[in-house]
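Here is the structure we will look at.
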Amino acid sequence: MELIKPTIQKWEKLCRSNKFLFYLYARPYRKTIAREIALGGITDSDRVLNIGCGALPFTAFYLQKLSGAAVTAIDNDFRAVEQAFSCFSRLDSVCRVEFKVMDGKTAVKYQDFDVVLAALQTDDKLKILQQLHKYKSNRDWKFIVREPRSSFKGQYDYLPAEVVPADEVRQYFPTFDRSLLLTPDQKISRQVS
């Protein structure tokens with residue numbers, strides 16, 4: 001039974017319409033995303049695809065604000081993307097973020113990017129990684145994935161242990177404890193599915 005996602009969605013609804021609550025709720029994400037930017041070596045010349053932006057796009061906000069990268073934030077929920085765009089328009093921010101309704105597997109096939117960052121709640125992380133290998137094999141890409149703590153693996157999708165990251169960074173959130181860096185060098189076994 002999923003309890004965390006609905007609870008977070010209710011809280012985020014409150015934060016969308018209040019700039020103070022947005023910044024307050026976003027604050028813990030700043031260090032997390034700064035660590036992910038360092039992990040991926042993200043700079044202002046990168047194009048970043050943020051999968052699973054949700055209605056409160058903290059990751060997209062800090063990715064752009066802290067690195068200067070061009071960020072495309074996607075979610076497969078039309079309403080969430082609409083709310084994220086609306087939330088951004090209320091902020092006193094010069095962040096340049098493009099919002100699109102799209103799922104991760106489709107986005108990695110058709111979007112132009114250097115780095116992909118998947119939110120914790122992103123489904124089909126392994127399939128997204130397989131799509132990267134299939135459709136971006138001629139490019140140098142980086143895939144950063146947030147992995148749930150072991151006690152939350154029943155609530156969120158995660159990569160199988162057979163997928164060994166190029167690097168990882170420790171995170172200090174109640175629901176996830178690390179972000180993994182995957183690159184084209186990590187081969188995916190056909191047996192992993």
Residue list for segment 30-60, restricted to those being surrounded by 24 or more Cβ atoms within 10 Å (Cβ to Cβ) and among the acidic types (Asp, Glu): Glu36
In segment 64-81, residue surrounded by the fewest Cβ atoms within 10 Å (Cβ to Cβ) [restricted to those that are part of a helix (DSSP H, G or I) and in contact with a Cys (Cβ under 9 Å, 6 or more places away or on another chain)]: Lys65
Unique match (being out of contact with any Gly (no Cβ under 9 Å at 6 or more places or on another chain), free of Cβ contacts under 8 Å to residues at least 40 places away in the same chain, of a type outside the set (D, E, K, R) and closer than 21 Å to Glu147 by Cβ) among Tyr62, Tyr25: Tyr62
Test: residue in segment 89-101 that is surrounded by fewer than 17 Cβ atoms within 10 Å (Cβ to Cβ), part of a loop (DSSP other than H, G, I, E, B) and either among the polar types (S, T, N, Q) or without any contact (Cβ under 8 Å) to a residue 24 or more places away in the chain (or both): yes
Among (1) more than 18 Å from Leu181 (Cα to Cα); (2) touching a residue at least 40 places away in the same chain (Cβ under 8 Å); (3) in a loop (DSSP other than H, G, I, E, B); (4) in contact with a helix residue (DSSP H, G or I) (Cβ under 7 Å, 6 or more places away or on another chain), the one test that Gln121 misses: (1)
Residue list for segment 27-48, filter: more than 14 Å from the chain's Cα centre (by Cα), farther than 16 Å from Trp141 by Cβ and of a type in the set (Gly, Ala, Ser): Ala38
Of all residues making up segment 7-43, the number that are modelled with pLDDT of 95 or more and not in a helix (DSSP H, G or I): 3
Failed criterion for Ala84 (all others in (1) under 22 Å from Ser45 (Cβ atoms); (2) part of a helix (DSSP H, G or I); (3) touching a strand residue (DSSP E or B) at 6+ places or on another chain (Cβ under 8 Å); (4) not hydroxyl-bearing (Ser, Thr, Tyr) hold): (1)
Looking only at segment 116-161, and only at residues there that are of a type in the set (A, V, I, L, M) and closer than 19 Å to Ile33 by Cα, the one that is surrounded by the fewest Cβ atoms within 10 Å (Cβ to Cβ): Ala119
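The values are calculated or read from the model by the stated rules, or taken from the named source; none is laboratory data. This structure is a prediction, so every number in the text was calculated from the model and none was measured. Cβ coordinates were reconstructed from backbone atoms using ideal geometry, including for glycine residues, and neighbour counts include every protein chain displayed.
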